Amino acid sequence: MKATSEELAIFVSVVESGSFSRAAEQLGQANSAVSRAVKKLEMKLGVSLLNRTTRQLSLTEEGQRYFRRVQSILQEMAAAESEIMETRNTPRGLLRIDAATPVVLHFLMPLIKPFRERYPEVTLSLVSSETIINLIERKVDVAIRAGTLTDSSLRARPLFNSYRKIIASPDYI
């Protein structure tokens, strides 16, 4: 059985705070739950990580090695989570858009400058094409097309209604 990230976090909290009761208080858990989690971790590993006395808590040799590694791992996990959260809050990277030429010229082009000012870390790749393409194969993030969606695995959202008109001068007719 492998250790859970919660057990690792509890173990690190116990070591850093110096006691089960302080760790329990910091984590908002009962003393018994914290103690059980550390015992369960020790059982999974098959070693004692902590020397316990009524007044003192210290790491065993195995506990010291394990603590250093686990502390580093938890810090890396926290950094990865922060990075992901930051990325989620700040769009960045390449955004590939494929649309029909009139849509690119008349709708998207006027929006590029304000978009780039608002999202400076996003790189735009605009492609105008009149054909239906395989979005996955072409690695397209957004395609703007007229008509009904033929591939049910894709998500679509109506952007606007377009009405066709045929216009001619009286001399032509």
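Scan segment 69-93 for residues that are out of contact with any Asp or Glu (no Cβ under 9 Å at 6 or more places or on another chain) and under 12 Å from Phe11 (Cβ atoms) and jot them down.
Residues satisfying the conditions are Arg69, Val70, Ile73, Leu74.
Annotation note: Cβ proximity below 9 Å between a residue of segment 116-134 that is over 30 Å from Gly147 (Cα atoms) and a residue that is surrounded by 11 or more Cβ atoms within 10 Å (Cβ to Cβ) and basic (Lys, Arg) (sequence gap 6+ or interchain) occurs for Pro120/Arg92; Glu121/Arg92.
Looking at this structure, is Val103 touching a residue at least 40 places away in the same chain (Cβ under 8 Å) and over 25 Å from Thr90 (Cα atoms)? When the stated conditions are applied, Val103 passes them. For beta carbons closer than 8 Å, sequence separation of 6+ or different chains, a first residue in segment 155-173 that is free of Cβ contacts under 8 Å to residues at least 40 places away in the same chain and a second that is part of a loop (DSSP other than H, G, I, E, B), the qualifying pairs are Ala156/Leu149; Ser162/Ala146.
Taken together, Ala23, Ala37, Ala30 contain a single residue that is without any contact (Cβ under 8 Å) to a residue 24 or more places away in the chain and surrounded by 20 or more Cβ atoms within 10 Å (Cβ to Cβ), which is Ala23.
Being in a loop (DSSP other than H, G, I, E, B) and in contact (Cβ under 8 Å) with a residue 12 or more places away in the chain is the filter here, so list the residues in segment 135-150 that pass it. Those that are in a loop (DSSP other than H, G, I, E, B) and in contact (Cβ under 8 Å) with a residue 12 or more places away in the chain: Lys139, Val140, Asp141, Arg145, Ala146, Thr150.
Are any of the residues in segment 58-75 assigned to a loop (DSSP other than H, G, I, E, B), exposed (fewer than 10 other Cβ atoms within 10 Å of the Cβ) and at pLDDT 85 or above? Explain how you work it out, then say what you get.
Step one: filter segment 58-75 for residues assigned to a loop (DSSP other than H, G, I, E, B), giving 60.
Still in the list and also exposed (fewer than 10 other Cβ atoms within 10 Å of the Cβ): none.
No, because not a single residue in segment 58-75 is assigned to a loop (DSSP other than H, G, I, E, B), exposed (fewer than 10 other Cβ atoms within 10 Å of the Cβ) and at pLDDT 85 or above.
Within segment 85-95, take every residue that is in a helix (DSSP H, G or I) and among the polar types (S, T, N, Q) and give me the one that is surrounded by the most Cβ atoms within 10 Å (Cβ to Cβ). It would help to see each step written out before you state the result.
Restricting attention to segment 85-95, the residues satisfying the condition of being in a helix (DSSP H, G or I) are 85-89.
This time we only want the ones that are among the polar types (S, T, N, Q), so: 87, 89.
Working: Thr87: 12, Asn89: 7.
Residue satisfying both the conditions and the ranking: Thr87.
Any residue at all in segment 96-113 that's charged (D, E, K, R) and under 18 Å from Ala9 (Cβ atoms)?
Here is the first cut: in segment 96-113, the ones charged (D, E, K, R) are 96, 98, 113.
When the remaining residues are screened for being under 18 Å from Ala9 (Cβ atoms), the result is none.
Taking every residue of segment 96-113 in turn, none turns out to be charged (D, E, K, R) and under 18 Å from Ala9 (Cβ atoms).
Scanning segment 96-128 for residues that are among the small types (Gly, Ala, Ser) and either in a strand (DSSP E or B) or not assigned by TED's automatic domain parsing to the domain that holds Ser162 (or both) gives Ala99, Ser125, Ser128.
Checked across segment 8-18, the condition of being of a type outside the set (Phe, Trp, Tyr), over 30 Å from Arg118 (Cβ atoms) and loosely packed, with under 13 Cβ neighbours inside 10 Å holds for at least one residue.
The values are calculated or read from the model by the stated rules, or taken from the named source; none is laboratory data. Just so it is clear, the model here is predicted, and its values are computed rather than measured. Heads up, the Cβs are rebuilt from the backbone with ideal geometry, glycines too, and the neighbour counts pull from every protein chain shown.
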